[in-house]
Amino acid sequence: DGTEPSHMHYENDENYFRGYEWWLMKEAKKRNPKIKLIGLPWAFPGWIGRGENWPYDYPDITAYYIVSWIIGAKQYHDLDIDYIGIWNERAFSSKYIKLLRYTLDKHGLEQVRIIASDRLWEPISFVMMTDSELHGVVDVIGAHYPGTKTVQNAILTGKKLWSSEDYSTFNNDVGAGCWARILNQNYVNGNMTSTIAWNLVASYYEQLPFGRCGLMTAQEPWSGHYKVESPIWITAHTTHFTQPGWSYLQVDGHLEGGGSFVALTDGLGNLTIIIETMSHNHSKCIRPPLPNFSVIPQRATFYLGGSFYMVETLQVWHSRLDFESGKSTLFQQLHPVQVWRGRFSLDLNVDEVYTLTTLKTGRKCGFPEPPPPQPFPSNYREDFNIRNPPFSEAPNFADQTGVFEYFVNASDPGDHVFTLRQVVVQRPITWVSDADQTISVIGNFKWVNMTVTCDIYIEKPRDGGVFIAGRVDNGGIYVRRTKGIFFWVFADGTYRVTGDIAGNEVLMKGLSGVRDNAWHTLTLNIQGNSASGLLNGYPLWENVTISKPGNGWAALGTRSFEFAQFDNFHVE
């Protein structure tokens, strides 16, 4: 929930070791080599649009940027990207999609398939029906949050239909119910053969806009605490007993008493059936609104025909979401079901998931008891002095606009060789409204009183500037409206104290004597409804009255998309 570093910050820049995605893809492949990898741009670096907030004016440049990423994945990490998308939940360009296919083929990447358009079923389906060349290059129609429904035009294309982003729901048992329902009903109601959850694991500060909207939670890297939430075990009901490449059997999967079932086969004689009986109030997703329906306890009888008539027993795995006691049963193996002459019956209660399968490979893996949860350290220092960092970004800092990376100052005489540097110098082609300033947040959102100290280095002459901040209250898609106490210094020798990142609410201003291309130390002290600021250890301003927000993160950032450096960060 925030920004991610591009493989090409600037036109002449290429780096395939930034961010966490490369590591994540390799870890996924270790666990299941058959897993598919998909790339989908949400934002693009600004140079692609030559100053316009639009990626299609120079489609050859955009295609080059995307194909470079696919080639880099293979060259530097031996990762094969299977599918590539166009632009997350934004407009598509038919001309660009065709050029992307041409560019992929030209680089020997014929096996990479194209998904479009990661928004709604229309207009992409209609345009594909009227443009045969576009129809020829789009392999999958991907819709976001389709509510288990598709449209006639999408079906008429004859293409694979995917819910290429779904779920996005708080990961308690209602989130698990949402996930169980749509995993089945996206196929049963909408013929979708893939459902992809945003997001995999909630590893970001919980108070950001989409806190805990992951299948599991691991949001305390400082303590190592994590929680395997119920949506993980719901996922296992499908993914433990199928693989990419299995096919759905074309049966009507609606159960008479409510709920649904799907059946899949590997084409080699194996069969997996997944049944869900989620009730309305226990399976609401974040979006779209869910029309009313009812589910009652029922006895369901299944008939296996054709090559499955010979199946004699099916392994059984069961989950029951218990909203009364809160003691849910998750992914338990039950006694096998005997199939007699291709027929078996099951008594189904409400809010249950069953998997019945010919596969005997299922097992519920244990995992070590995680360390107990701890709040973010109340006294935290970071000097960025690391010669070969495992990642390009410093731990615990969560970039919300811009990108802050470890930097080596080869020319520095000694104190500031290793620093943190903001490196995005042009407003990106944005997905949502990034701020006009860059910002990275850190710490505990519940903090009230705090002292933030940081060495700062303005690189941009004349109108450059940086800030440190406390009680920062927002980020993600709402970053433009972020409030807090912001202490700014500018290259022209002035300072400001504002109540918001946009700088509209000025609490204090004056002269500081700060200049660009020199190191200075800023200190921001917030106690109760009063704040004060120090420059190089000496008071610069004091007794500024503050009302709200009453709590929030610490943060640092820049006045615009500009180079700037930070060192010896300390918050207490």
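The simple spin-label model puts a point 7 Å past each Cα toward its Cβ; for Asp82 and Glu572 those points are separated by 5.3 nm.
Comparing Leu109, Leu99, Gly46 along the charge dipole axis of the range 20-227, the residue lying farthest to the positive side is Leu109, per the Cβ-charge model. The Kirkwood radius of the range 140-292, taken over pairs of alpha-carbon atoms, gives through the Stokes-Einstein law at 25 °C and 0.890 mPa s a diffusion coefficient of 152 µm² s⁻¹. Axis of helix 94-106 versus longest Cα principal axis of the chain: the two differ by about 80°, to the nearest ten degrees.
Calculate the dipole size of the chain relative to its Cα centre from +1 charges on Lys and Arg beta carbons and -1 charges on Asp and Glu beta carbons; express the result in debye to the nearest 20.
That gives the chain a dipole magnitude of about 1080 debye.
Average accessible surface for the range 380-571: 40 Å² per residue, computed with a 1.4 Å probe over protein heavy atoms with every protein chain in place. The chymotrypsin sites (Phe, Trp or Tyr not before Pro) found in the range 511-566 that occupy coil by DSSP, while having at most 16 further C-beta atoms within 10 Å, are Phe563. Here log10 I(q)/I(0) by the Debye sum over Cα atoms at q = 0.06, 0.10, 0.12 Å⁻¹ was computed from the coordinates, and among (i) -0.36, -0.93, -1.21; (ii) -0.59, -0.93, -1.15; (iii) -0.30, -0.86, -1.24 the match is (i). Within the straight-line cut-off of under 26 Å between alpha carbons, the lysines reachable from Lys149 are Lys36, Lys159, Lys160, Lys284, sequence neighbours fewer than 8 places apart in one chain being disregarded.
Go ahead and estimate [θ] at 222 nm for the chain from helices alone: -39,500 (n - 2.57) per DSSP H run with n ≥ 4, summed, over the residue count, rounded to 500.
On the way: 8 runs with 89 residues, N = 572.
The per-residue figure over the chain is -4500 deg cm²/dmol.
Computed over the range 20-227, the percent of Cα pairs more than 23 Å apart is 51.
Stretching the chain fully between Val228 and Val337 yields a gain of 36.4 nm (0.36 nm per residue, less the alpha carbon separation).
Label-to-label distance, Lys327 versus Tyr20, with points set 7 angstrom from Cα along the beta-carbon direction: 3.5 nm. For the range 373-390, 3J(HN,Hα) computed residue by residue from phi via the Karplus equation (6.51, -1.76, 1.60; θ = phi - 60°) reads x, 9, x, 4, x, 7, 9, 10, 10, 8, 9, 6, 8, 9, 6, 10, x, x Hz, glycine and proline entered as x. Taking 25 Å as R0, compute the FRET efficiency from the Cβ-Cβ separation of Asp13 and Asn409 and round it to 0.05. Efficiency at R0 = 25 Å is approximately 0.85. Ranking Leu420, Ile286, Leu524 by how far each Cα lies toward the positive end of the dipole of the chain (charges on Cβ) leaves Ile286 at the top.
What does DSSP give for the chain in terms of the percent of beta bridges that are antiparallel, rounded to the nearest 5?
Counting only bridges with both partners in the chain, antiparallel ones make up about 85 percent.
Remark: the range 401-409, residue by residue, has Karplus-estimated 3J(HN,Hα) of 8, x, 9, 10, 10, 4, 9, 10, 8 Hz, where x stands for each Gly or Pro and the curve is 6.51 cos²θ - 1.76 cosθ + 1.60 at θ = phi - 60°.
Loop-resident trypsin sites (Lys or Arg not before Pro) (DSSP state other than H, G, I, E or B) in the range 442-494 with no more than 16 further Cβ atoms inside 10 Å of their Cβ: Lys446, Arg462.
Relative to the first principal axis of the alpha-carbon coordinates of the chain, what is the inclination of helix 21-31, with its axis defined by its Cα atoms, in degrees from 0 to 90 and to the nearest 10? Once rounded, the angle reads 30 degrees.
In the assembled protein chains, Cys213 presents an accessible area of approximately 10 Å² (probe radius 1.4 Å). When only Cα pairs below 8 angstrom with a gap of at least 6 residues are kept, the range 378-457 shows a relative contact order of 31 percent.
With protein chains left intact and a 1.4 Å probe, residues in the range 16-142 average 46 Å² of accessible area per residue. Ignoring any ligand, DNA or RNA, what whole percent of the accessible area of the chain comes from carbon and sulfur when the probe is 1.4 angstrom? Within the chain, the accessible surface is 51 percent carbon and sulfur. Which net charge results when you count Lys and Arg as +1 and Asp and Glu as -1 among the other residues whose beta-carbon is under 13 Å from that of Pro370? With Lys, Arg at +1 and Asp, Glu at -1, the neighbours total -2.
Once both labels are positioned 7 Å from their Cα atoms along Cα-to-Cβ, the gap between Asn292 and Asn388 label points is 6.5 nm. Between the helical axis of 230-239 and the longest alpha-carbon principal axis of the chain there is an angle of about 50 degrees.
The values are calculated or read from the model by the stated rules, or taken from the named source; none is laboratory data. Because the structure is a prediction, the values reported are computed rather than measured. Heads up, the Cβs are rebuilt from the backbone with ideal geometry, glycines too, and the neighbour counts pull from every protein chain shown. Accessible surface areas use protein heavy atoms only, side chains included; no ligands, DNA or RNA. Shrake-Rupley method; radii C 1.70, N 1.55, O 1.52, S 1.80 Å.
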